[in-house]
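Structure first, then comments.
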């Protein structure tokens, strides 16, 4: 399953902030420096969806705020339920 996400690095805590403008909005408690925000993104999504980190890949937008990620082993309906969307 692929997801379009919009990340906000440097937040007080990492959390799913909901959906807006067709993007899953995520706040990350890591700076956008040396890949720390991307690592936190992978950790947050894997934990929220209950999959291993190796099943979460950033497909597009690794250096920007808008990204496309691929999550293996979970369906869209499961993701909606787990993320409470």
For residue 46, state whether it is over 9 Å from the mean Cα position of the chain (by Cα) and either free of Cβ contacts under 8 Å to residues at least 12 places away in the same chain or not in a loop (DSSP other than H, G, I, E, B) (or both). no
Restricting to the range 49-78, and then to whatever is assigned to a helix (DSSP H, G or I) and out of contact with any helix residue (DSSP H, G or I) (no Cβ under 6 Å at 6 or more places or on another chain), can you tell me which residue is nearest to residue 5 (Cα to Cα)? 76
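When you go through 29, 79 one by one, which is the residue that is surrounded by 13 or more Cβ atoms within 10 Å (Cβ to Cβ) and modelled with pLDDT of 95 or more? Before the answer, list the steps.
Numbers: 79 fails: modelled with pLDDT of 95 or more.
It is 29.
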If only one of 47, 34 is surrounded by fewer than 16 Cβ atoms within 10 Å (Cβ to Cβ), at pLDDT below 95 and over 16 Å from residue 12 (Cα atoms), which one is it? 34
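The values are calculated or read from the model by the stated rules, or taken from the named source; none is laboratory data. All figures in this text were calculated on a predicted structure; none of them were measured in a lab. Glycine also receives a Cβ, built like all others from the backbone with ideal geometry; neighbour counts cover every protein chain displayed.
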